Amino acid sequence: MVKQNDLFSKSIMDIMPVAVVVMDAELRIIGLNSKAEEITGFLNIEAEGRQCSDVFTNKLCDDTCPVSYTHLRAHETVLDL
């Protein structure tokens, strides 16, 4: 059943007209859809397990990484009572 759900999810992701990248909490690639493969030049199987910065290399990957910033903000304590 799990494999069937994985195939269904991958099919949905692949028909989307935008790039979809799934990452874990350590910013490692879990999966890319076909549009993301097209943009990065990496096949999903090649990107799986790599750090985001290894696949999406640009000047934002260093100190100003928007994904890392968003991830940190999502786990930050806003108000501790």
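Structural remarks
- Taking the stretch 47-60 as the range and being closer than 19 Å to S9 by Cα and among the charged types (D, E, K, R) as the test, only E48 passes.
- Flag for R73 being on the phi < 0 side of the Ramachandran plot, modelled with pLDDT under 90 and basic (K, R): yes
- Inspection of the stretch 4-18 finds a residue satisfying the criterion of being at pLDDT 75 or above, surrounded by 14 or more Cβ atoms within 10 Å (Cβ to Cβ) and either assigned to a strand (DSSP E or B) or out of contact with any His (no Cβ under 9 Å at 6 or more places or on another chain) (or both).
- Of all residues in the stretch 19-48 being open to solvent by 40 Å² or more (accessible area, probe 1.4 Å) and among the small types (G, A, S), the one that is modelled with the highest pLDDT: G41
The values are calculated or read from the model by the stated rules, or taken from the named source; none is laboratory data. Predicted model, so just to flag it, every value in this text is computed and none were measured. Cβ atoms come from the backbone with ideal geometry, glycine included; neighbour counts cover every protein chain shown. We work out accessible area using only protein heavy atoms, side chains counted, and drop any ligands, DNA or RNA first. Shrake-Rupley method; radii C 1.70, N 1.55, O 1.52, S 1.80 Å.
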